Amino acid sequence: MAKPFAFRLEKVLEYRRQLEDQARMALAQAQAQHDAQKRIIADLSMRMTAHMERGFGRNATQADIWLWSQYRDALGKDLIQAKTELERLASILQVCREEAVLRSREKKLLEKLKDRQAKKYHEQESQREQKEFDEMATIRHKSQDR
């Protein structure tokens, strides 16, 4: 009975699988943060639009106008900060995406190597078994001829 195939780099393959899983989790987390920031920007934009449409009214006092403009300015600053944060998160997301692709490639490379070695091993085992069967058949045939 032939021994089962044993891949010598199995521990390395398992380690690369772990690295790929970690990269995928980091990518998912970065994507979630990016999506959350997009929702924050959408909320701020919606508030700014509503605030601008509402205006300060006809009977607004000087204080009302000042408060209205201060709130508008604060929303504008918050929106700028949120967009800056979105750009930062987008760059992090891109780095995480590239890392996940790299880790996936590294793992697939080892998996292909494992598959090729397993195929070669099984072919050699099959040839060895066939050779043994042929030898046994030859020996039996010679003993029957005598």
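The values are calculated or read from the model by the stated rules, or taken from the named source; none is laboratory data. What you see is a predicted model, and the numbers here were worked out from it, not measured in a lab. Cβ placement follows ideal geometry from the backbone for every residue including glycine, while neighbour counts extend to all protein chains displayed.
Listed values, structure above:
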| item | result |
| --- | --- |
| Filter result for the condition that a residue is farther than 30 Å from S45 by Cα, over 26 Å from the mean Cα position of the chain (by Cα) and either basic (K, R) or in a helix (DSSP H, G or I) (or both), over K112, K142 | K142 |
| Residue in the stretch 77-90 that is out of contact with any Asp or Glu (no Cβ under 6 Å at 6 or more places or on another chain), surrounded by 10 or more Cβ atoms within 10 Å (Cβ to Cβ), more than 30 Å from K11 (Cβ to Cβ) and at pLDDT below 95 present | no |
| Residue count for the stretch 23-42, restricted to those that are more than 12 Å from the chain's Cα centre (by Cα) and surrounded by 13 or more Cβ atoms within 10 Å (Cβ to Cβ) | 6 |
| Cβ pairs under 9 Å, 6+ apart, first in the stretch 113-127 and under 25 Å from V12 (Cα atoms), second part of a helix (DSSP H, G or I) and not aromatic (F, W, Y) | L113/L13; K114/E10; K114/L13 |
| Yes/no for A50 being surrounded by 11 or more Cβ atoms within 10 Å (Cβ to Cβ), part of a helix (DSSP H, G or I) and not acidic (D, E) | no |
| Close pairs (6 angstrom Cβ cut-off, 6 or more residues apart or separate chains): within 19 Å of L79 (Cα to Cα) in the stretch 51-69, hydrophobic (A, V, I, L, M, F, W, C) anywhere | W68/F56 |
| Residue in the stretch 85-98 that is free of Cβ contacts under 8 Å to residues at least 40 places away in the same chain and more than 33 Å from the chain's Cα centre (by Cα) present | no |
| Residues of the stretch 120-135 that turn out to be farther than 12 Å from P4 by Cα and surrounded by 11 or more Cβ atoms within 10 Å (Cβ to Cβ), as a count | 5 |
| Members of the stretch 55-105 that are basic (K, R) and either within 20 Å of D43 (Cα to Cα) or not in a helix (DSSP H, G or I) (or both) | R58, R72, K77, K83, R88 |
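Here's the yes/no breakdown for (1) surrounded by fewer than 13 Cβ atoms within 10 Å (Cβ to Cβ); (2) at pLDDT 95 or above; (3) within 26 Å of K108 (Cβ to Cβ):
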site	(1), (2), (3)
F7	no, no, yes
D21	no, yes, yes
R54	yes, no, no
D64	yes, no, no
Y71	no, yes, no
